[in-house]
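What follows is a single structure, written as structure tokens, with notes after it.
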Amino acid sequence: MSKLLDERLVFIDADVKTSEEAIRLMAGRLQECGYVNEGYADMVIAREKVFPTGLPGKEMSIAIPHTDPTLVNKPAIGVIVPKESVEFSMMGEPEHKL
């Protein structure tokens, strides 16, 4: 069984300003590493607009952007810790920004 967390998919102090930049950063690395095919970023961004993935937390909020597995070659988990907060819409309450 392959590991889900690949160190190449971890970004600490990432210089991203928007949720779309964060998604494109991770999708690009996922594609470079063979986890997904071209077009994955656009699918995740489109899904995030309809079904946001932001989750509130006590110390910080998180988001878990994803999409259907059509363009996925193998499963993986990526982590981005941005230099500054990035706004995502809240799951179940898209008008609420986290």
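The values are calculated or read from the model by the stated rules, or taken from the named source; none is laboratory data. Model, not experiment: these values are computed from the prediction. Cβ atoms come from the backbone with ideal geometry, glycine included; neighbour counts cover every protein chain shown. Surface areas here come from the heavy atoms of the whole protein model, side chains and all, with no ligands, DNA or RNA. Shrake-Rupley method; radii C 1.70, N 1.55, O 1.52, S 1.80 Å.
So the values come out like this:
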{"read-out": "Projected label distance in nm at residue 96 and residue 64, using a 7 Å step from Cα toward the beta-carbon", "value": "1.7 nm"}
{"read-out": "Out-of-range pairs (alpha-carbon distance over 24 Å; input 3/83; 17/74; 3/97; 74/97; 3/58; 17/97)", "value": "3/83; 17/74; 3/97; 74/97; 3/58"}
{"read-out": "Calculated FRET value between residue 5 and residue 49, using beta carbons and R₀ = 35 Å, to 0.05", "value": "0.85"}
{"read-out": "Percent accessible area from carbon and sulfur atoms, the chain, protein chains only, probe 1.4 Å", "value": "56 percent"}
{"read-out": "Residue 48 - accessible surface, heavy atoms, 1.4 Å probe, Å² rounded to 10", "value": "20 Å²"}
{"read-out": "Fraction of antiparallel bridges per DSSP, the chain only, in percent to nearest 5", "value": "45 percent"}
{"read-out": "Exposure ranking of 91, 26, 43, 60 by accessible area [1.4 Å probe, largest first]", "value": "60, 91, 43, 26"}
{"read-out": "[x] 13, 30, 25, 18, 11, 4, 0; [y] 15, 42, 26, 14, 2; [z] 16, 49, 31, 4, with the label sought being that of the calculated P(r) over Cα pairs in 10 Å bins from 0, in percent", "value": "[z]"}
{"read-out": "The chain: most fluctuating residue of 39, 28, 78 per GNM, C-alpha cutoff 10 Å", "value": "39"}
